[in-house]
Structure formats: C-alpha cells, structure tokens
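The values are calculated or read from the model by the stated rules, or taken from the named source; none is laboratory data. Small disclaimer: the values here were computed from a predicted structure and weren't measured. Using ideal geometry, Cβ is built from the backbone for each residue, glycine included, and neighbour counts are taken over all protein chains shown.
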Amino acid sequence: MQNKQVKIIKPVITFEQNENGNFIPTKKRVCAYCRVSTDNIEQKTSYDAQVDEYTKRIISNPTWQMVRIYADEGLSGTSTKNRKEFNAMIEASRNGEIDLILTKSISRFTRNTVDCLNYIRELRTLGVEIYFEKENIYSSDTKVDFLLTIMSSIAQEEARNVSENVKWNIRKRFSEGDPIVNNKRFLGYTRDKETKQLIPIPDQAAIVKEIFSLYVSGIGPARICQLLQAKGYKTGAGRTYWRNSTINFILSNEKYCGDLIMQKTITTDYLTHKRVKNDNIAPKFHVEDNHEPIIDRETFLLAQQIKETRAKQTVGKDKNLSKYTYRYPFSGIIICHECGRALKRRYWNYGTPSARVMQQCGGYVEGKHNCRAKALYQESVEGASLQMLNEVFWNNPNTMELLEKAFDKNVIPSEHEVKLATLEKEKSELQSQLAQLVDLKISTPDLSEEIFMQKYQALNGQIRTKMNDINATEKQIMVKFQKESKLSQMKKILARQTKPFEELDVDTFRIFIYRIIAISRTQIVFCISTDKEYSDAEFASRRFEFSITPTISDGLFLCQKYKNSLRYNVVIL
C-alpha cells in the first residue's frame with residue numbers, strides 16, 4: 001500500500017494592526033466576574049479588592065484586551081436568575097464579545113451544580129474559556145468535568161448548609177418571641193429604630209380604625225374601597241386606588257390587635273428561593289400582645305366572625321364548613337376511635353322542634369358500611385370541654401406541673417446545642433479532608449481513579465451521616481423551643497382568666513387540647529400533645545395507643561337538655 005502523506009494544518013493565528021502600524025497577534029478578549037453574597041463591610045472590602053485586582057491584572061497583560069469587570073454585590077450564588085451582571089456576561093459571551101472569563105472560585109461563579117456545568121459546557125461550545133483561580137482549573141479541558149462536578153457539589157452543599165443555619169436561627173428567634181417584621185407598605189405602623197418594636201402612625205391608624213368600623217357596621221370591602229378613594233386616603237404603598245384584596249388583608253391581619261403570627265410563609269427550596277404559604281409545612285409562632293394595638297380585640301374578632309359568615313355563601317357544593325374554616329372549636333380534631341376519620345358537624349331534623357347539632361364520623365356519613373360509630377351530641381361535647389378546662393386547668397395547678405415534667409423529659413436545649421456544635425465541627429473537618437483530596441487529585445494526575453473514588457465516596461458518606469445527625473439535632477432543639485412556647489401560652493391564658501371559662505374560644509381551646517378521640521357516644525378522650533405535631537394519618541393510625549394512655553384526670557358531664565351523659569379522660573401524649 002502506498003505510503004500516505006499527512007499534513008498538519010495548524011490553527012490560523014489572526015493579527016491586528018497596532019498604533020505604530022505593525023501587525024501583532026490578536027489580543028484575547030478577557031473579562032472577570034466577581035461576587036460577594038452579603039452587604040457587610042468585610043464582604044464589601046473583599047468585593048472591591050476583587051474588582052481592583054482583576055482590573056490591574058487584565059490591563060497589565062499585553063496579550064489581553066479588557067472587556068469589562070462584571071460584578072454582583074450582595075446576592076446569593078445559589079441561583080443565577082437575579083444576578084444581572086452574571087447574566088449580562090453570559091449574553092456577551094453568546095454575542096462573541098468574550099474569549100476568557102476570570103473568576104475567583106467555583107463558589108463565586110455559582111453554587112448550583114446543574115447551573116455550573118450547564119454554563120461551562122455552553123461557554124465551551126462558544127469557545128469561551130473560564131479560569132477558576134482558587135482551584136487553578138481551566139474549563140476548556142473536558143477532563144475537568146468530573147472534578148468540577150465534585151467541587152461544585154461541595155459548594156452547593158455548603159449553600160444548603162448555610163440555608164439550613166439561617167432557617168434555624170430565624171425559627172429560634174421566632175420561638176423566643178423575637179419578631180422579624182417587614183414594616184414597608186404596612187398601613188398604620190412603623191418600626192422604632194431603637195426598640196425595633198412596631199408603633200402606630202396616628203393618621204394611618206385612624207384609616208385602619210375606620211376600615212374596621214365600616215366593616216363591622218355591615219359595609220362590604222368593595223363599598224369601603226369607594227369610600228376611602230372618595231376621601232383621598234392612601235394605602236400603605238402610598239396609592240389612592242384601593243383594592244378589595246387590600247381591605248381583606250387589613251381585616252385579617254392579626255397585627256392590628258397587637259398579636260403577631262410569624263413564619264406565615266416559608267422558603268421550600270434553597271436553590272430557587274421559592275416562598276410558599278406555610279400550610280402545615282413548618283411551625284408557626286403566635287405572640288399575643290406583642291405591640292400596641294390599633295384595633296381592640298373584640299372588634300377584630302367580630303370582624304373575623306363576619307368574614308367567616310359571609311364566606312359560607314362561597315364554599316361551594318361541599319357543605320362541610322370545617323374544611324374551610326376553624327370557626328368551630330371541634331372542626332377536624334375529633335377522631336373516630338373505630339375508623340380513624342374526623343367527625344363532622346351536622347344538623348339533625350333541621351327546622352323542626354327536635355333539631356339538634358351532632359358530631360358524626362365522616363366515614364359513617366359516606367356510608368354505614370364504612371363505619372358504625374354513633375354520633376355525639378354537640379352540646380354534650382361542648383359542656384364536657386368547658387367542664388374539663390375548668391376542672392383540669394383553671395382550678396388545678398397540679399396539671400401545669402405535670403405538663404412541665406412531661407415537657408422536661410427531653411434533653412435540655414444546652415446539651416443539644418453542645419452536641420450540635422460538635423457535629424458541625426466534625427462535619428467541617430471532613431469537608432476539609434474532602435477538599436484536600438480533590439486538591440491532591442488535581443496536583444497529582446497519576447493518582448489512581450479507583451483509589452480517589454474510594455476515598456471520595458467514604459468521606460462523602462461520612463459528611464452525609466453528619467448532616468443527617470445535624471438535622472435531627474436541630475429538630476430536637478426546635479421541638480423543645482416549640483414546647484416551651486406552647487406551655488408559655490397556656491400559662492398566659494390561665495394568668496388572665498380571673499373566673500372559670502364560660503364559653504369555648506376556638507384559639508384558646510386548641511392551645512390546651514390537641515385532639516379528641518371519640519370512643520363512643522358516651523365516652524371521649526381529650527389529648528394534650530407535648531411530643532410533636534402528628535399528621536392526620538399518623539394520629540389516626542395510633543389512636544388505639546393514645547386512647548389507653550394513662551389518664552391525668554377524668555370526669556362526667558351530664559347534659560340536661562338531651563338527658564345524655566358523657567364521660568371523659570384527659571391524657572398527655
């Protein structure tokens with residue numbers, strides 16, 4: 001076979017003409033990307049130093065041409081969505097304006113593993129190279145994809161850990177009654193710069209009072225909007241146009257009666273930072289008499305009752321109002337002992353002299369083949385509940401002592417916090433070892449891939465175990481704080497109760513009683529929870545266990561109207 005001749009065609013070097021008219025190799029167009037994630041002074045200094053350093057370095061290199069410095073200040077690196085400078089840099093790269101990007105480290109570029117790899121691969125196809133200074137890595141080498149995956153994953157795990165720590169600190173503040181309140185666009189209140197407490201703004205407070213006064217006098221939100229606009233009143237955002245939703249928000253905001261409910265919304269994803277309404281996702285924290293009220297509590301509660309009454313007309317075909325509102329103290333908390341379903345409030349013989357309100361199992365309502373449990377008389381349950389509150393709580397200090405002992409069965413928070421600090425330190429040491437291993441792999445290309453992966457997986461497994469232990473310990477601490485907050489609420493209610501309870505207030509009753517188990521028409525069990533919040537399914541599955549828990553008190557209520565007796569036990573879960 002004839003010998004083949006192979007010619008090597010080298011890349012064409014392009015030239016440009018300088019000021020003297022001489023042709024020199026075309027300069028590489030270089031930019032730098034800098035970012036700090038907080039606005040404190042130390043980070044600001046670091047940010048300025050990065051910008052200055054990269055500017056000098058690019059200008060001093062004769063083979064480089066400065067494009068510009070892209071810099072995001074005070075932004076999180078977990079998502080690139082809101083990083084304007086970063087996105088501008090990517091767009092410039094797509095337009096062919098950049099050849100090389102300098103950045104301090106992978107964590108400065110992005111902490112999201114998926115984003116990091118996607119951008120690196122896209123820029124690689126565009127012929128744009130990234131140099132990660134700290135790791136001494138160029139993105140143009142496809143062999144570094146594996147290492148970049150590992151290192152960006154470490155950066156992402158660091159971001160997740162920071163997010164969890166922030167959540168923990170916020171929840172701890174909430175559980176101790178230390179509020180975090182945004183008073184921007186908040187009609188009626190401002191925030192004292194020294195005490196950080198909410199204080200009323202007199203002229204705006206007068207508008208809020210007028211809104212409540214109009215509403216409880218029978219005027220609806222739409223008409224209230226018209227009246228406020230006619231008077232030229234401004235919203236919290238400074239606008240003269242009022243919306244129904246604004247009025248409804250004001251009427252429902254507990255802050256106007258001096259209370260504060262914290263953690264109404266929650267961030268569910270530390271990468272996207274998406275916030276959702278906290279519907280049984282995480283604990284909420286209710287602080288009573290937190291600040292000076294604008295509306296007295298009676299007027300505020302009356303407004304809530306009017307809202308609930310009007311809402312009846314819009315609940316749709318499902319007549320089970322307990323599904324939509326907690327107007328009734330027993331909505332959704334009485335559990336059938338036989339089948340585990342919640343009891344529903346139902347009218348029997350409505351419109352007749354023998355009309356009565358009953359609590360009937362949802363399973364029985366759907367068909368007797370589902371459940372055979374007898375319905376409870378509503379008035380008997382109400383009477384037994386009032387009698388129980390007075391005998392067990394209001395007139396019996398021993399009950400609170402029993403609850404405090406039950407609360408103290410767990411390890412005290414300080415021991416948990418010491419354990420948490422130890423776990424955090426051990427986790428940091430393991431992460432340092434992992435980083436050293438990656439550095440060794442980078443500096444020693446001949447290191448066996450098999451040996452590297454064995455060590456990497458072992459360290460990564462230990463880190464994950466530590467993270468699980470850390471999460472479990474944080475939950476234990478949070479549970480303790482939640483319990484103390486609940487116990488404190490009970491004590492406050494009893495301290496201001498100068499006479500026996502005469503009516504069942506929904507919020508008050510639910511602080512003392514977690515669930516009721518309906519054994520039969522003549523027997524129920526009041527459950528006080530000091531352990532944790534149970535899901536509906538979990539509580540239903542353990543109802544038999546809970547119903548035979550040793551009782552701390554029992555009693556018998558006689559309902560004269562229906563000649564019915566209802567025996568009850570009180571247990572601590």
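Some values worked out for this structure:
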{"quantity": "Residue tally, condition of a type in the set (S, T, Y) and either in contact with an Asp or Glu (Cβ under 6 Å, 6 or more places away or on another chain) or closer than 22 Å to I106 by Cα (or both), over segment 417-476", "calculated": "5"}
{"quantity": "Test for S529: is it in the same structural domain as V381 (by TED's automatic domain parsing) and modelled with pLDDT under 90", "calculated": "yes"}
{"quantity": "Residue that is farthest from E379 (Cα to Cα) [pool: residues in segment 536-573 that are in a strand (DSSP E or B) and among the charged types (D, E, K, R)]", "calculated": "D554"}
{"quantity": "Any hit, segment 146-165, residues being crowded, with 16+ Cβ neighbours inside 10 Å, at pLDDT 65 or above and of a type in the set (D, E)", "calculated": "no"}
{"quantity": "So I516, is it modelled with pLDDT of 90 or more and β-branched (V, I, T)", "calculated": "yes"}
{"quantity": "Count of segment 194-232 residues which are within 27 Å of E308 (Cα to Cα) and either outside the structural domain of L302 (by TED's automatic domain parsing) or not in a helix (DSSP H, G or I) (or both)", "calculated": "4"}
{"quantity": "Subset tally (residues that are on the phi > 0 side of the Ramachandran plot, crowded, with 17+ Cβ neighbours inside 10 Å and modelled with pLDDT under 70) for segment 243-293", "calculated": "1"}
{"quantity": "Given (1) of a type in the set (V, I, T); (2) farther than 16 Å from Y70 by Cα; (3) modelled with pLDDT of 80 or more; (4) crowded, with 20+ Cβ neighbours inside 10 Å, index of the condition T125 fails", "calculated": "(4)"}
{"quantity": "Filter result for L102 (in the same structural domain as A71 (by TED's automatic domain parsing), touching a helix residue (DSSP H, G or I) at 6+ places or on another chain (Cβ under 7 Å) and in contact (Cβ under 8 Å) with a residue 40 or more places away in the chain)", "calculated": "yes"}
{"quantity": "Single condition K491 does not satisfy, out of (1) under 23 Å from K405 (Cβ atoms); (2) modelled with pLDDT of 80 or more; (3) in contact with a Leu (Cβ under 9 Å, 6 or more places away or on another chain)", "calculated": "(3)"}
{"quantity": "Answer residue from segment 196-242, given it is in contact (Cβ under 8 Å) with a residue 24 or more places away in the chain and aliphatic (A, V, I, L, M) and is surrounded by the most Cβ atoms within 10 Å (Cβ to Cβ) among those", "calculated": "I211"}
{"quantity": "Odd one out for T399, checked against (1) farther than 30 Å from R464 by Cα; (2) modelled with pLDDT of 75 or more; (3) within 32 Å of the chain's Cα centre (by Cα)", "calculated": "(3)"}
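One line per residue, one yes/no per condition, for (1) surrounded by fewer than 19 Cβ atoms within 10 Å (Cβ to Cβ); (2) over 33 Å from the mean Cα position of the chain (by Cα); (3) among the aromatic types (F, W, Y); (4) more than 14 Å from A342 (Cα to Cα):
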position: R521; (1), (2), (3), (4): yes, yes, no, yes
position: I524; (1), (2), (3), (4): no, yes, no, no
position: I528; (1), (2), (3), (4): no, no, no, yes
position: D536; (1), (2), (3), (4): yes, no, no, no
position: F539; (1), (2), (3), (4): no, no, yes, no
position: T551; (1), (2), (3), (4): yes, yes, no, yes
